[in-house]
1. Fully extended, how many nm does the chain gain between residue 251 and residue 208 (0.36 nm per residue separation, minus their Cα-Cα distance)?
2. Using Cα centres only, tell me the gap between region 213-267 and region 26-95 in whole Å.
3. Calculate the dipole size of the chain relative to its Cα centre from +1 charges on Lys and Arg beta carbons and -1 charges on Asp and Glu beta carbons; express the result in debye to the nearest 20.
4. Calculate one ³J(HN,Hα) per residue across region 152-167 by plugging θ = phi - 60° into the Karplus curve 6.51 cos²θ - 1.76 cosθ + 1.60, and present them in order as whole Hz with x for glycine and proline.
5. Distance in nm between label sites at residue 267 and residue 184, each 7 Å beyond Cα in the beta-carbon direction?
6. Want the number for residue 55 to residue 13: 0.36 nm per residue separation, take away the alpha-carbon distance, what's left?
7. If R₀ is 35 angstrom, what is the calculated FRET efficiency for the pair residue 166 and residue 194, using the beta carbon separation as r and rounding to 0.05?
8. Please report the equivalent ellipsoid semi-axes of the chain, computed as sqrt(5 x eigenvalue) of the Cα gyration tensor, largest first, in whole Å.
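All of the numbers you see were taken from the coordinates with simple rules; none came from a lab. Nothing here was measured: the structure is a model prediction, and the numbers come from that model. Every residue, glycine as well, gets a Cβ built from its backbone with ideal geometry; the counts of neighbours run over all protein chains shown.
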Amino acid sequence: MALDPSLVATYKRDGVVVLHNLVSSEALEQLRQGVEANMKSPGPWANEYTPAGASGRFFDDYVNWQRIPQFEQIGNTGSVAQAALDLMATKTARMFHEHVLVKEAQTREVTPWHHDDPYYGVDGMDNVSIWIPLDPIPESVALRFIVGSHLWNKRFIPRRFADQSAYVDQAKDFVTLPDQSELDAFPSITCPVNLGDAVAFHYRTLHAAPGTLGTEVDLRRAVSFRYVGDDAVFASRPWRTSPPLDGNGLSFGDQLNDPRFPIVATR
Ligand SMILES: O=C(O)CCC(=O)C(=O)O
């Protein structure tokens, strides 16, 4: 079923929109099984951001859908892929990758303010991440977004999740992220959501998320499915991209015609 046009309009204007009741409880259970399998058997690019001996755990991993069938099932078919197509308003939606982010109880590490485009080896404005929480998300641990920042025509130098340090001091076509007090001055929204809801956001929308330290939350698991649309091309960055995908026959500027990026919905 097509998304309500008002949601598509909100996404276009704000670069973020909450999609209520997008995912069935069966699909959430499949994703939980997928996350469990992923954490038991992390891929080569998995990260543990919480220092040894500290409370909690912040784990992430990505690009495992080809070996974890639950991720392929939910990300590449059905309501999630269709929502991506509708939000991008393109002819095609391709899977770019899936990203698992887990914060256990009393995790101090936050997700720092960033937007995703500068991390990725892909250029284009037709894109969306659909972040699906596998646990209820109260305000205390919810994603925050700077509304409309996807339209600033700026790309910010990435920061490392482990210590929030910038990848580099300067880079052509990229600027330094404003400091916290400047960011606080922009209009922002916080997105608490229920099970079954998802948060969709553009690769250029600035976002952040708290840790779980000092909150009532014991576990905050999420899978972010990342899609690209018609204008997406393989691209380089002045640093190692994440995920660090090699060309595998693609040159910079090529469309992502490659089995790693299957078309998952068409209009
Ligand atoms: O889950 C989080 O803490 C952050 C999610 C995020 O940054 C993303 O999905 O791009």
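1. Full extension from residue 251 to residue 208 adds 12.3 nm.
2. Going from one Cα centre to the other spans 11 Å.
3. With only Lys, Arg, Asp and Glu charged at Cβ, the dipole is about 300 debye.
4. Per residue, the Karplus-derived 3J(HN,Hα) values read 6, 6, 10, 10, 9, 4, x, 10, 6, 5, 5, 9, 6, 6, 6, 4 Hz.
5. Each label point lies 7 Å from its Cα, and together they span 4.1 nm.
6. Extra length from residue 55 to residue 13 when fully extended: 11.2 nm.
7. It comes out at approximately 0.50.
8. 24, 23, 20
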